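Asker: My questions will all concern the structure given below.
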Ligand SMILES: Nc1nc2c(ncn2[C@@H]2O[C@H](COP(=O)(O)OP(=O)(O)O)[C@@H](O)[C@H]2O)c(=O)[nH]1
Ligand SMILES: [Mg+2]
């Protein structure tokens, strides 16, 4: 007769105790398993998809000798492996790790396709705990890591929550008095001038006005690389594409008082409010408020290459995004956001575009740009770090003598070519660029093709400081 078939009351006392003890231990172990919801945000093309893909690849291939010396759990040989699990939310798109890693690790590697929606992936990380209590309960701990990828453009909508339709419209028209917005918005503005805003609502007119406004935003983005574009869903619509929620645009103040409900003006104002409530507010409630940790990716090199106007626009857009991290205690948004976030990491991405001796300057420039929101977050008790990293390193730094000077070059395959070249990418200012820096046309950082990896299954992806990012984001949960 085996133990399982012995009636409970007849089992030897020792077995009962063992079983009871095991189930309590198991229960406590389960209670100690933790989940971290890591939100990855950044403007379009800042490197989110590549970062998450590379991070998952690192975690799936992490071993003691895998080139993550600053990721303690791995370098001290306590990491027992990880696995992609079923994601927790059934109503969110899956982050398609398999689809993204395949082109990156192919024989002729290419960058993954663009993604423009919210998606998530869950990993289970197994590790040997160091804490005495934890170790007594179990030899293995599990950390569930949920990574959420979402477009930073959607964060640009947050300030709209606190604006009326009239104030928001005013802000947009003010921005359109300056170039290049003035020229790009002319067709949309000319159309508005033909309209009687107090006329009865006409869905066709609403659609045409919002289509012209959307076209204006898309041209700002495509032709000038501008990022401060509201509403964020007009350029990155996600699930709301072609719904009435995205069928409105800013309007001038009516000249004859409030034109009332069922007029063009009234309907646009109602849609603006509906957009705030159903799109923006819902996003914050369903997702934003549930994040534990946040990483903000910033492509500062692209912003520098874009010239002074582009750089200024990126800064304003970033400030707008980062304002989410500094709402005072009286704000409703503060209550949505602050209760949970305990770590915030600002990252300058694609640092492999420049030589190794420029990394510290890039980090200083990043520090300068995010200093205010970083300080606010620190004041609110959040642990904040800034770093320059590359999720997938595509170049090597090569030091050569040139005209009697020792210069640092980078060697890699520029985007669109198929042969390596050696180039001098120039220097990064350690603080905000001065007018003479712009005049000298100093910033023109090339993009590169992904590296050709010999055996991506055997070796983890080449990176710069991903281990430090992992340590900051997860290290304390893996002890
Ligand atoms: N050299 C280099 N380029 C990168 C890296 N990460 C992203 N990129 C480039 O940036 C582009 C946009 O990256 P992606 O992750 O799709 O941006 P997302 O729009 O924020 O998801 C890619 O197609 C690459 O050209 C990196 O670590 N190193
Ligand atoms: Mg993406």
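Since every read-out is calculated from the coordinates, none of them should be taken as a lab result. Just so you know, these numbers come straight off a predicted model, no measurement behind them. All Cβ positions, even for glycine, are placed from backbone atoms using ideal geometry, and neighbour counts span all protein chains on display.
Asker: Quick one: divide the alpha-carbon radius of gyration of the chain by 2.2 N^0.38 Å and tell me what you get.
Answerer: Numbers: Rg = 26.2 Å, N = 479, 2.2 N^0.38 = 23.0 Å.
Here the answer is 1.14, to two decimals.
Asker: Taking every DSSP beta bridge that has both residues in the chain, what percent is antiparallel when rounded to the nearest 5?
Answerer: Looking only at bridges with both residues in the chain, the antiparallel portion is about 50 percent.
Asker: Out of all Cα-Cα pairs in region 355-479, roughly what percent, to the nearest whole number, are more than 26 Å apart?
Answerer: 38 percent
Asker: What's the extension gain from residue 110 to residue 218 if we count 0.36 nm per residue and subtract their Cα-Cα distance? Don't jump to the answer; show the numbers that get you there.
Answerer: On the way: separation 108, 0.36 × 108 = 38.88 nm, distance 2.55 nm.
Full extension of this stretch gives 36.3 nm more.
Asker: Let me ask something additional. How many angstrom lie between the C-alpha centres of region 270-324 and region 157-210?
Answerer: 21 Å
Asker: Suppose the chain between residue 256 and residue 239 were pulled fully straight at 0.36 nm per residue; how much longer would it get relative to their current alpha carbon spacing?
Answerer: My answer for the length gained is 2.4 nm.
Asker: Return the Rg/Rh value of region 157-286, two decimal places, where both radii are evaluated on C-alpha atoms and Rh is the Kirkwood radius. Numbers along the way, then the final one.
Answerer: Working: Rg = 14.0 Å, Rh = 14.9 Å.
A ratio of 0.94.
Asker: Now, a different point. How far is it, in nm, from the label point at residue 174 to the one at residue 144 when both lie 7 Å from their Cα along the line to the Cβ?
Answerer: Placing both labels 7 Å beyond Cα along the Cβ direction yields 4.6 nm.
Asker: Using alpha carbons only, how many degrees (0 to 90, rounded to 10) separate the axis of helix 13-32 from the longest principal axis of the chain?
Answerer: So the inclination is approximately 20 degrees.
Asker: Compute the angle between helix 203-224 and the longest alpha-carbon principal axis of the chain, please, reported from 0 to 90 degrees and rounded to the nearest 10.
Answerer: 70 degrees
Asker: Test of understanding: what is the full-extension gain from residue 383 to residue 273, defined as 0.36 nm times their sequence separation minus their Cα-Cα distance? Don't skip to the end; give the middle numbers.
Answerer: On the way: separation 110, 0.36 × 110 = 39.60 nm, distance 3.49 nm.
36.1 nm is the gain from fully extending residue 383 to residue 273.
Asker: Let me ask something else about it. Give me the percent of DSSP beta bridges within region 330-470 that run antiparallel, rounded to the nearest 5.
Answerer: 65 percent
Asker: Tilt of helix 48-60 relative to the longest C-alpha principal axis of the chain, in degrees (0 to 90, nearest 10)?
Answerer: 0 degrees
Asker: Further question on the same structure: Which whole-number percent is the relative contact order of region 157-286 (Cα, under 8 Å, 6+ apart)?
Answerer: The normalised contact order for region 157-286 reaches 36 percent.
Asker: How would you rank 124-131, 469-476, highest first, on the average number of other Cβ atoms within 10 Å across their residues? Before the final figure, lay out each step's value.
Answerer: Details: 124-131: 17.1, 469-476: 19.9.
Ranked by mean Cβ neighbours within 10 Å, highest first: 469-476, 124-131.
Asker: Given the peptides 275-283, 394-402, 431-439, arrange them by the average over their residues of other C-beta atoms within 10 Å, most packed first.
Answerer: 275-283, 394-402, 431-439
Asker: State, to one decimal in nm, how far the label point of residue 90 lies from the label point of residue 419, with both points 7 Å from Cα in the Cβ direction.
Answerer: Placing both labels 7 Å beyond Cα along the Cβ direction yields 5.7 nm.
Asker: For residue 440 and residue 60, FRET efficiency with R0 = 45 Å and r from the beta-carbon atoms, rounded to 0.05?
Answerer: 0.50
Asker: Compute the distance in nm between two label points, each set 7 Å from the Cα along the Cα-to-Cβ direction, one at residue 401 and one at residue 202.
Answerer: Here the modelled spin labels are 7.7 nm apart.
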